[in-house]
Amino acid sequence: RIALSRAQHNYLSDFSQIEIPSFSPDHKAANMAHIYQRGEYDEGMNTFSSPVRLEKNLSLGVDHLSAKVIVLYNMGQLHLRLNEDNSAAEFFYEALPLAQMSPNNSRGSSSLIAILHNLGHIQYRIGNHNEAMSTYASALTFARHSFGECHLDVASTLNCIGVLYFHMPRAE
């Protein structure tokens, strides 16, 4: 199970705040995200079996950038739920630099932390404990810098680090 705060998941799964016009090339991607949110993975994979084009032009507005981060995050979540860790990681790694470009506000910060949590979880699942620890440490540093010590994102990240320590092989 992915360790995300309720606020992180709600933010990253919510397209109601972002309007993507129907003539936009991202309209198909937005519809795919809505199908993901309903949990209808087979329908989503059948309906959207052709590639979704995400523009590489990063000079677009903040709302468009946020939409791309959300679409990539949701695609990563879809692949995680299908136990396709490598594919999921590709989407999270693609979303990471876009999330880092987002304004330093609670919405942008939460998306970056959620992406780092998912990458850390994937790294943990494939046995890269040191890499996972580094990823969680980055999330913790960013959460503390963005929100201070008394915030759910800080607590959630500390929990992930604690779980990782608990499951790491002990040195003899």
### Task
For the stretch 87-102, take each phi angle, set θ = phi - 60°, evaluate the Karplus expression 6.51 cos²θ - 1.76 cosθ + 1.60, and give the result in whole Hz per residue in order, putting x for glycine and proline.
5, 4, 4, 4, 5, 5, 5, 6, 6, 4, x, 5, 5, 5, 7, 5
### Query
If you stretched the chain out fully between F147 and R170, how much longer would it get, using 0.36 nm times the residue separation minus the C-alpha to C-alpha distance?
5.0 nm
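Could you rank the peptides 75-81, 95-101 by their average count of other C-beta atoms within 10 Å per residue, with the highest value first?
Numbers: 75-81: 21.6, 95-101: 18.6.
Per-residue mean Cβ counts within 10 Å order the peptides as 75-81, 95-101.
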### Message
How large is the accessible surface of H117 in square angstrom, using a 1.4 angstrom probe and rounding to the nearest 10?
### Response
0 Å²
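By per-residue mean of other Cβ atoms within 10 Å, what is the highest-first order of 118-128, 84-94? Working shown, then result.
Working: 118-128: 19.5, 84-94: 17.2.
Ranked by mean Cβ neighbours within 10 Å, highest first: 118-128, 84-94.
The values are calculated or read from the model by the stated rules, or taken from the named source; none is laboratory data. As the structure is a computational prediction, the values presented were derived from the model and not from experiment. All Cβ positions, even for glycine, are placed from backbone atoms using ideal geometry, and neighbour counts span all protein chains on display. To get the accessible areas, we keep the full protein, side chains included, count just its heavy atoms, and leave off ligands, DNA and RNA. Shrake-Rupley method; radii C 1.70, N 1.55, O 1.52, S 1.80 Å.
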